[in-house]
Amino acid sequence: MGAFDKAKDKAEQLKGRAKEKLGDATDNEKLANEGRADQLKGKAKEELHDLRERADDKIHDAKERLTDKDRDERR
């Protein structure tokens, strides 16, 4: 995952935490719930980016192994 994507995901989580705390402090249940939702969305996006990055790494490793195997067979 790119650093920019990771920063955006973390920022969304922080924004959500701030909203939740403000909602709790002002007894604004709607705002607190929005904050919790923002946190969950940010965390889900972060997890998705991490999963995509791990999958890309696995695909890259598999391609490398196949390429190396092809080279060895040609020798």
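Taking the stated definitions as given, is Leu31 within 13 Å of the chain's Cα centre (by Cα) and either hydrophobic (A, V, I, L, M, F, W, C) or outside any helix (DSSP H, G or I) (or both)?
No; evaluated as a whole, the condition is false for this residue.
Could you please find all residues in the range 18-50 being touching a residue at least 24 places away in the same chain (Cβ under 8 Å) and either small (Gly, Ala, Ser) or touching a Leu at 6+ places or on another chain (Cβ under 6 Å) (or both)?
Gly42, the sole residue that qualifies.
Do you know which residues across the range 1-27 are in a loop (DSSP other than H, G, I, E, B) and surrounded by 15 or more Cβ atoms within 10 Å (Cβ to Cβ)?
Met1
Only the coordinates and a few stated rules stand behind these numbers; no lab work does. All figures in this text were calculated on a predicted structure; none of them were measured in a lab. Reconstructed Cβ throughout: ideal geometry from the backbone, glycine too, with neighbour counts over all protein chains shown.
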